[in-house]
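The values are calculated or read from the model by the stated rules, or taken from the named source; none is laboratory data. Predicted model only: the values in this text are computed from it and were never measured. Please note: Cβ atoms are built from the backbone with ideal geometry, for glycine as well, and neighbour counts cover all protein chains shown.
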Amino acid sequence: MKIAVVGHTNVGKTSLLRTLTRSVEFGDVSLHPATTRHVERAVLAVQGHENVALFDTPGLEDSSGLLAYISALKEERGEDWVECLSAFVSRQDLQSNFGQEAKAIGQVLKADVVLYVIDARLKVRAKYRDELEILGRCARPIVPVLNFIMDEDSQADAWRAQLARVNMHAVVAFDTVVFDELGEMSLYRKIATLLDAKAPLFDALIEELQERRRQLKKASATIIAEMLIDCLMARRLYEKEDDHARDTAAEELKTAVRLREKQAVSQLLETHMFDLNSYIPGDLNFADGDWAEDPFDAKVLERFGLDASKAMVGGAAAGLAIDLMVGGISLGAAALTGAALGFLVDSARRYGGRVQEFLSGQAVMKVDLPTLKLLASRESALLEALLHRGHGAQDPIKRLALSKGDVLVPLFDAIKKLPVKPDWSRLNGEEGLVLSARRRDAIQNLAGHIGKMISSSS
Amino acid sequence: MLTPMGKGMTLKEEALWLVEATRYLEEAQGVGEETTALAAARKAEISIEGKIARRAEYLPSASQLLVERRALMRVFKLSIAFALVLFLVLGAFAAGAAFVVKDGHFVNIYWLLSSLLGIHILSLIIWLGGLAFGSGGLLGHLVSDISFSIARRVNSNSIRLAAVRAMMKRYVRGKGGLWLSSALSHGLWGAYLFGAMVAIFALLATQRYVFIWETTILSSQSYEALTHILSALPAQLGILVPGADIVRASEWPLNGDVSPGAHLLWSNFLFAVLLLYGLVPRILLCALSVFLARRYRRRSELDLSRPLYARLVPLLHPVVSKTDIVDEDDEGRVTENVTAQDPDIPVLEAEKTALLGWEIDKPEHGWPPSSFKGLDLGIFDERAQLADKLSQAQSRERLVVVLSATLSPDRGVGAVLSQCIQAMDRNRVFVWMVGAHQVKQKYGDAFMEARLGDWLSTAYQAGVSERHFLVAEWGDRAAQKILGDGQ
């Protein structure tokens, strides 16, 4: 099954392929026109069926010129359109300076179906009408794909009207930047309606993609739940009455939690097949866990709009409805800069006082609930952002909308019911004690709540 | 679905065990950043289960886990061997103890049989009941939880704990575990009965016994009938068993003349009953259980819905299985790099300028700009009209082509500009980019710079002088100059 992806230059053909293949590495994408110069293939293996091959083609740049040229060629050779186009793509001496277009048309003629990518932000112009005319002459089924429909400048309606005029009604709206699961499904469904005999193949493909997405959500929720359990059960002991020991313990615990969150973020990015490095500015050295923004700096906290004195205990009205307005700081940084961890020290002291009676001479320090709430909502927000991010997207995620406090209630009710099990945490340094089946069940339970949070808010 | 295992492709027991053990380890320790194993597995053209197994094999933890497995297996096998010997000895002692001898030579045959086979039959009934009603799951869970907590107390090494867990998963829990424990219990009973038979053989070989039976409340007929029923199967197999007269004669106190061959017939009967109702059923059931345990174990595929596997699936088995270039760019088109220059726009009388808008939106304040006094060629985007417009423009000194920076340039626009230059002459054609401000607002400075750079090189390649390239918004001062109204 061959699907040719064609369109004007710089409309996001390669981005469409990246999004459909969940690969940020496919082809080259840039803001310059004519980035893709060769035809590149991506093969989707559908279990139990034939493969689906998508062909990325160079953009049609000078369609008006090409149309005039082919019309003249057709007159001259006295052939019909398909014959003339076939001769044009197979003979270099007939290609004039339309070599790039010839590559694209060549794939169209070989394809079972053609995806015609449209930048919906642009007005319908003569050159696009000429493109449609040429493609129409190729006598292949065409599915127009409206890209960038989520953009404020989108002119999707004008495009639909124009496409209807040339008898193309099976239009798909699919934004390569803002991923929409239903949009992807309707893309394959429309192809299936044009190629009736291939319906089982596309049904299987759709089912496989849905299954993958379910698994992806589950796996992501588990990553977050694991991090929460690790942080929730993390403990540091220190000598009572020894301020220095207490500060050292607090620092250790903070570092451990910070690194653990960072780990969860890279796991999430990796699982969603996003490239970490594309989203982290160079001056933030991710590998060393060394952040330019110190999350414990009061000024930084203030800039993030977090008022440490009004801690989010009890999920008050505003709760966690905090948007991390981080102009210039990209996804990774926004997600990783542990703004909320500033609460850690105070709360640790509070808890320390309560537990220390149980242990002679030693006090216990742990992470408190508001901090956990922030960790939970920040990572869920990241997960949500990743679930709605197309792999063709180029810009870093600039803003993570944290979920409201009340969304977290079921999750934290479940957390409060958990037994106190310091040996469930990997942050306590005792290797090997975390294999318990009950810990695993607890993680699954929390993951279930996180999954519900995600699906209820999206 | 991602579940089906590739046809004809089944993982070996050890590989499946390793996958489980690795899962337990990674659920506890987190998934390591082990890229070699991932890459090796991704490359292999096998089922997703195969890939997960391949990855587990390539992980550094694999060798340690397999060492643990071998050790555990050794312990397991040794324990079984030890238990078999123990039950053998127990059986022998039980047989000895069951030989209650009366008055020197007389042994009650039914007392002996019921003490040797009674518990065996009871345990068989319980086992059958367990199969019919109970689930082995509960017992399996109990055993595995107990073993795990023992292992955990003995040694907190996570490799070993993961190995123990995987052992329990593969061999103790579930249907396979149920059948394996059945096989074990049948085997032990077999050993017990075998030990008993050996001991009885030794006793009968070295001592002279007379087999008798006795009863207080039952009738003699019931013993005759019981013996008859029990003898039916041995008799079918050609074993000589006591007849009704011998049974009657063997009632204690001896009420008849026991023929000299009777003790041999009774010995035959004793061995036949122990063998056919004791040892043989246990051995058959043991073999059946081993077979079923293996079958269930082989059938237990990886549960790909587990979150850990869900994480590995996209990495090991990406949506796209292959990418390659099928039609390479052989033109190798090079874009000339042009550096932006300050525009050089000579002052011109207003009427001497022709103005053409190509693929632009009509400006807010109308077209042409109010200050424009020259020839208005209009806004259009159809190539067919171009030649006609250019012939009109030839009467003027200067042609200004207005283009929009909100679009990205293409060879089509390049062709339009070339045509303009052919019609006019290089020195008379000017390009005026509008909309740069809009681009900057929406996509930022860097994007706008890149966009204008692309436009400049497109114009330059079409033959437009880099000094005839103006970036200005409607109504800018610089625009006044290009419109031929400049001071």
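Just one of (1) in contact with a strand residue (DSSP E or B) (Cβ under 6 Å, 6 or more places away or on another chain); (2) farther than 26 Å from B:Gly412 by Cβ fails for A:Val11. It is (2). Being touching a strand residue (DSSP E or B) at 6+ places or on another chain (Cβ under 8 Å) and in the same structural domain as A:Leu163 (by TED's automatic domain parsing) is a property that does not hold for A:Arg37.
Does any residue of segment B:188-197 turn out to be over 49 Å from the mean Cα position of the chain (by Cα) and more than 14 Å from chain A (Cβ to nearest Cβ)? Taking every residue of segment B:188-197 in turn, at least one turns out to be over 49 Å from the mean Cα position of the chain (by Cα) and more than 14 Å from chain A (Cβ to nearest Cβ).
Quick one: would you say B:Arg396 is of a type in the set (Lys, Arg) and surrounded by fewer than 17 Cβ atoms within 10 Å (Cβ to Cβ)? Criteria not met by B:Arg396. Cβ-Cβ distances below 9 Å connect the following pairs, each with a first residue in segment A:255-268 that is away from chain B (no Cβ under 12 Å), a second residue that is β-branched (Val, Ile, Thr), and a separation of six or more residues or different chains: A:Val257/A:Val367; A:Val257/A:Thr371.
Residue pairs whose Cβ atoms lie under 8 Å apart, sitting 6 or more positions apart in sequence or on different chains, and linking a residue in segment B:405-432 that is outside the structural domain of B:Arg467 (by TED's automatic domain parsing) to a partner that is hydrophobic (A, V, I, L, M, F, W, C), do not occur here. At least 3 residues being within 14 Å of another protein chain (Cβ to nearest Cβ) is the threshold, and among the helices (runs of 4 or more DSSP H) wholly inside segment B:392-487 those reaching it are B:411-423, B:436-443, B:445-462. Screening the candidates A:Ser30, A:Ser90 for the property of being surrounded by fewer than 16 Cβ atoms within 10 Å (Cβ to Cβ), closer than 29 Å to B:Asp381 by Cα and in contact with a helix residue (DSSP H, G or I) (Cβ under 9 Å, 6 or more places away or on another chain) yields one hit, A:Ser30. Assessment of segment A:90-105 against the conditions (touching a strand residue (DSSP E or B) at 6+ places or on another chain (Cβ under 6 Å) and not charged (D, E, K, R)) yields at least one matching residue. Residues in segment B:257-273: is at least one crowded, with 16+ Cβ neighbours inside 10 Å and of a type in the set (D, E, K, R)? Within segment B:257-273, not a single residue is crowded, with 16+ Cβ neighbours inside 10 Å and of a type in the set (D, E, K, R).
Comparison of A:Ala221, A:Ala139, A:Ala164, A:Ala199 shows that the only residue that is in a helix (DSSP H, G or I) and assigned by TED's automatic domain parsing to the domain that holds A:Ser15 is A:Ala164.
Scan segment B:214-251 for residues that are surrounded by 15 or more Cβ atoms within 10 Å (Cβ to Cβ), outside any helix (DSSP H, G or I) and not charged (D, E, K, R) and the total you get is 5. Residues that are surrounded by 18 or more Cβ atoms within 10 Å (Cβ to Cβ) and over 13 Å from A:Ala4 (Cα atoms) within segment A:46-59 comprise just one, A:Val46. Restricting segment A:427-447 to residues that are small (Gly, Ala, Ser) and buried (at least 17 other Cβ atoms within 10 Å of the Cβ) leaves a set whose member that is modelled with the lowest pLDDT is A:Gly432. In this structure, A:Ala156 does satisfy being at pLDDT 90 or above and either away from every other protein chain (no Cβ under 14 Å) or buried (at least 18 other Cβ atoms within 10 Å of the Cβ) (or both).
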